[in-house]
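A short worksheet on the structure shown next.
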Amino acid sequence: MKRKLWIWIKQGLSLLWIWIKQSLFLLIGSAFCAFSVKAVLIPQGFFSTGLTGAALVLYYRYPVAPIEVLYLMINIPIFLLGWAFVGVRFVLYSLWGMLLYSLMLHIINVEINISDPILSVITAGCLSGIGVAIILRSYGSTGGTEILSVIMHKLFSFSVGTGTAIINGIVLTACTVLFPIEMVLYAVVYAVVNMLTIDKVFYGPTQRKAALIISEKWFEIINDLIGKCNIGVTTIKGNGAYQGTGKTILYSVFSRKDVNAVKKVVLQNDPGAFMALMTAEDVTGLRIGNQPHW
């Protein structure tokens with residue numbers, strides 16, 4: 001009985017730690033996003049993109065409720081879509097994240113006085129992009145655009161930033177009939193900066209590299225890559241098109257910092273080896289992947 005009780009306690013503590021960790025991701029990311037809106041966008045009279053932008057449009061045109069309340073109302077149908085296409089855990093954590101984001105919107109009441117409008121939207125886009133990327137490292141989101149981006153990522157393999165850009169384009173198109181074109185163009189700048197920041201922070205500044213290596217010394221290269229560089233390799237059987245001879249092709253994915261080490265190993269074993277390097281931005285794997293949790 002004591003053993004079962006101890007197991008239950010350990011499992012409970014483990015679940016509590018996971019919840020605390022995920023809540024920190026959501027809280028920190030929400031603080032960045034809310035600071036972008038309350039400290040930069042609203043004081044300048046700008047609107048953002050996505051569903052936060054839609055809430056700001058309603059807030060400017062029909063100020064019947066605070067921005068956090070309008071955001072909560074818009075998110076109701078989005079959460080139903082998330083429940084259907086993503087999963088219960090993601091939706092529940094996103095509901096918690098949405099509440100934290102609304103809380104941050106309510107309690108943050110500071111302003112950054114930036115006289116240059118372009119600098120304002122760039123600053124807001126960077127802050128919001130960092131926040132969204134941190135949030136998407138968690139088990140959930142703050143609702144709205146993030147849920148729709150994850151749905152598009154799962155259904156169509158769009159990157160998170162690309163999915164965000166598509167949603168932003170729809171919102172911006174609708175805003176062209178409600179606001180002066182200058183305001184819409186400022187929002188476009190915000191959206192581009194936001195998209196680039198999300199992808200850079202979410203996928204990481206050090207993109208992975210994929211290598212295709214063709215060499216007669218393929219066995220020696222494999223031994224050195226695994227033994228000296230701790231880099232995994234997969235062999236692929238192929239045939240040369242010109243002579244029709246059999247070839248062993250090596251395929252490997254590794255961090256950019258290992259590029260020189262891989263080249264050194266290949267050229268030391270076979271100076272005449274063929275090697276092609278390609279960028280592998282989104283990688284899913286136990287050791288080197290940056291797979292999301294949703």
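Structure values in brief
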read-out	value
Which numbered condition V233 misses (of (1) within 21 Å of T123 (Cα to Cα); (2) free of Cβ contacts under 8 Å to residues at least 24 places away in the same chain)	(1)
Q22 vs. criteria more than 16 Å from A133 (Cα to Cα) and not in a loop (DSSP other than H, G, I, E, B)	no
Residue match in the stretch 119-136 (condition: assigned to a loop (DSSP other than H, G, I, E, B), under 17 Å from G87 (Cβ atoms), in contact (Cβ under 8 Å) with a residue 12 or more places away in the chain and under 14 Å from the mean Cα position of the chain (by Cα))	yes
Residue list for the stretch 245-267, restricted to those being more than 28 Å from the chain's Cα centre (by Cα), exposed (fewer than 14 other Cβ atoms within 10 Å of the Cβ) and of a type in the set (K, R)	K264
Qualifying residue in the stretch 199-210 (condition: under 30 Å from S128 (Cβ atoms) and acidic (D, E))	yes
Residue match in the stretch 171-185 (condition: touching a strand residue (DSSP E or B) at 6+ places or on another chain (Cβ under 8 Å), surrounded by fewer than 21 Cβ atoms within 10 Å (Cβ to Cβ), farther than 20 Å from G144 by Cβ and at pLDDT below 85)	no
Among residues of the stretch 210-264, those that are under 23 Å from T279 (Cα atoms), acidic (D, E) and at pLDDT 90 or above, counted	1
Members of the stretch 65-88 found to be touching a residue at least 60 places away in the same chain (Cβ under 8 Å), in a helix (DSSP H, G or I) and touching a Phe, Trp or Tyr at 6+ places or on another chain (Cβ under 7 Å), listed by number	G82
Conditions (1) more than 24 Å from S159 (Cα to Cα); (2) part of a loop (DSSP other than H, G, I, E, B); (3) modelled with pLDDT under 90; number of the one not met by D282	(1)
Conditions (1) surrounded by fewer than 24 Cβ atoms within 10 Å (Cβ to Cβ); (2) closer than 27 Å to V40 by Cβ; number of the one not met by G87	(2)
Qualifying residue in the stretch 110-121 (condition: modelled with pLDDT of 80 or more and in contact with a Gly (Cβ under 8 Å, 6 or more places away or on another chain))	no
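Residue-wise test of (1) at pLDDT 85 or above; (2) over 20 Å from the mean Cα position of the chain (by Cα); (3) hydroxyl-bearing (S, T, Y).
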residue	(1), (2), (3)
W96	yes, no, no
I147	no, no, no
T164	no, no, yes
K200	no, no, no
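The values are calculated or read from the model by the stated rules, or taken from the named source; none is laboratory data. Remember, predicted model here, so these are calculated numbers, not experimental data. Because the Cβ atoms are built from the backbone with ideal geometry, glycine has one as well, and the counts that use them run over all protein chains shown.
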